[in-house]
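I have placed the structure first, in the form of structure tokens, so that the comments after it can refer back to it.
The values are calculated or read from the model by the stated rules, or taken from the named source; none is laboratory data. Treat the numbers as computed from the prediction; the structure is a model and nothing was measured. Cβ atoms come from the backbone with ideal geometry, glycine included; neighbour counts cover every protein chain shown. Side chains are part of the model used for accessible areas, which takes the heavy atoms of the whole protein and leaves out ligands, DNA and RNA. Shrake-Rupley method; radii C 1.70, N 1.55, O 1.52, S 1.80 Å.
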Amino acid sequence: MKNKTWIIIIGIVVLLAVYVIGVQRSLVNLSEEINASWGDVEIQYQRRADLIPNIVETVKAQAIKEQEIFTQIAEARARLSGAANIQDKIDANAEVTSVLGRLLAIAESYPELKQNQGFQDLRIQLEGTENRIAVARKYYNDSVKSYNKKIKVFPTNIAAGILGYKDEFPYIQAEEGAEKAPEVKF
Amino acid sequence: MKKLRLSAAFLITLFLAAACIGIIGVQASEPEMPNPTSAFYFNDFARVLDTDSGSYIARLGESTYKSTNGGQVVFVSISTLGGSTIEEYSNALFNKWKIGTEDKGVLFLLSMKERESRIEVGYGYEGVLTDIESNKLLVKFSELNEEKGIDEAVMTIYTDICSIVSGNEDAVQYPEMGKSRRYSITGGSFFLENPVAAAVLVIIVLVLLILDIILTRGRVTFIILRMLAASSRRGGGGGRRNSGGGGRSGGGGSSSGF
């Protein structure tokens, strides 16, 4: 009689172990997905950062004297290069979004600038880049959401807790106006 | 002895239930979107083009696919975006249809009610068909549409896109991108993501099934089967006519009004 009890107990322990292993495997996949998708977000952020010097030069070449915005752009770029962890980078890029938005708003009142082919091309590229950022951001947020769900939902949260997986990845908020980049219609 | 059977039954139920929750998973919600037509390259849902244009585009799409080793240029017209932005809609459609092998895909989308057009370029063609180039094509489309009508305009732009992707195979500007997109992010099927664990799980389930039959005459299994039947509603079947090559888009391209 006693043997039967032991078999059942051992069986259950084995089942639990296999279950925890299964959870660990999927948590590894999910957190790697987050790293990969964050990589894509960073690539797009970099692409946008690369456009900024051209935009600044084009605007300056039209002899537009708006010193304040150029200072703000320089500050935003400095903050970008100083950003170390994910949250810092997200915040620094949010600042870039608002600074660029202000620059484009200013450009609205300068017809020579608006008609400048170089500036028009840069606006198209910027709009394309903002869209890519939006797409990459969505994938990143989705992967963080999948991961968070897994570590918080019963019964996987127990296994996640044992294995040490925490809610540690920030979401990227969509900034005001960043979703709908200015339509380029001339 | 009865006490042991009851506790065993209870534990089995608990475990099977947990396993089932894992298997069913979370159904990722998708916006309502059409599936491609059997022609795949020509999808005139808004019925604004005539059949000659359709045959032309379908043929050119096929030959482009061959000459570029898997590049797919897809035309879609829809009556309305229904509240989405054209960027959101086109990216979602592109990825749903998985346009292009090795991410070499282009989607040329027209939304008739809002009069918006977009060329969405997959990861693999980003260096070949730039945002600026896409925008130029859309501006050209708008002008041609005014002057010569929509059939001529669509065919011309579609041809232009095919020429661009056929002529410039190797120029990819951001090669690191898109390589991470090999895994599925949706909360989808446990079986697909963990084949080894799934196999082990199947064995365990079978063992539990046998135990259950011995101990409770299958009562637990019956209850669980009823649960499963009630909750399994797999949406969106039919990938039968979809001949997308598995491609994804990162949001490249350009939009314009017409």
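Odds and ends about this structure:
- Residue in the range B:83-100 that is at positive phi and without any contact (Cβ under 8 Å) to a residue 24 or more places away in the chain present: yes
- When the helices (runs of 4 or more DSSP H) confined to the range B:169-258 are screened for residues that are at pLDDT below 75 and either within 25 Å of the chain's Cα centre (by Cα) or under 30 Å from A:GLY128 (Cα atoms) (or both), those reaching at least 2 such residues are found at B:190-193, B:195-216.
- The residues on offer are A:VAL41, A:VAL13, and the sole one that is of a type in the set (Val, Ile, Thr), over 19 Å from the mean Cα position of the chain (by Cα) and at negative phi is A:VAL13.
- Among residues of the range A:126-141 that are more than 8 Å from chain B (Cβ to nearest Cβ) and of a type in the set (D, E, K, R), those with a beta-carbon under 8 Å from a residue that is crowded, with 23+ Cβ neighbours inside 10 Å and part of a helix (DSSP H, G or I) at least six positions away or on a different chain give the pairs A:ARG137/A:VAL41.
- From the options A:GLU75, A:GLU108, A:GLU33, A:GLU112, residue that is within 14 Å of chain B (Cβ to nearest Cβ), more than 30 Å from B:ASP212 (Cβ to Cβ) and of a type in the set (Asp, Glu): A:GLU33
- If the condition is being open to solvent by 100 Å² or more (accessible area, probe 1.4 Å) and modelled with pLDDT of 60 or more, then the range B:22-37 contributes only B:GLU32.
- Screening A:GLN46, A:GLN24 for residues that are within 11 Å of chain B (Cβ to nearest Cβ) and either open to solvent by less than 30 Å² (accessible area, probe 1.4 Å) or farther than 30 Å from A:ILE124 by Cα (or both) leaves exactly one candidate, A:GLN24.
- Annotation: of all residues in the range B:118-130 being outside any loop (DSSP other than H, G, I, E, B) and open to solvent by 10 Å² or more (accessible area, probe 1.4 Å), the one that is nearest to B:ARG248 (Cα to Cα) is B:TYR123.
- Qualifying residue in the range B:145-154 (condition: more than 18 Å from B:PHE258 (Cα to Cα), open to solvent by less than 10 Å² (accessible area, probe 1.4 Å) and touching a residue at least 24 places away in the same chain (Cβ under 8 Å)): no
- Within the range B:93-117, the residues that satisfy the criterion of being charged (D, E, K, R) and surrounded by fewer than 24 Cβ atoms within 10 Å (Cβ to Cβ) are B:LYS96, B:LYS98, B:GLU102, B:LYS113, B:GLU114, B:ARG115, B:GLU116.
- Residue within the range A:1-12 that is facing another protein chain (nearest Cβ under 9 Å) and not in a helix (DSSP H, G or I) present: yes
- B:ILE99 satisfies every condition listed in (1) more than 15 Å from the chain's Cα centre (by Cα); (2) part of a loop (DSSP other than H, G, I, E, B) except (1).
- Sole residue being within 23 Å of B:THR85 (Cα to Cα), open to solvent by 20 Å² or more (accessible area, probe 1.4 Å) and out of contact with any strand residue (DSSP E or B) (no Cβ under 9 Å at 6 or more places or on another chain), chosen from A:ARG123, A:ARG137: A:ARG123
- Only one of A:PRO111, A:PRO53 that is modelled with pLDDT of 90 or more and surrounded by fewer than 16 Cβ atoms within 10 Å (Cβ to Cβ): A:PRO53
- Residues (part of a loop (DSSP other than H, G, I, E, B) and either buried (at least 20 other Cβ atoms within 10 Å of the Cβ) or in contact with a Leu (Cβ under 6 Å, 6 or more places away or on another chain) (or both)) located in the range B:54-84: B:THR68, B:GLY71
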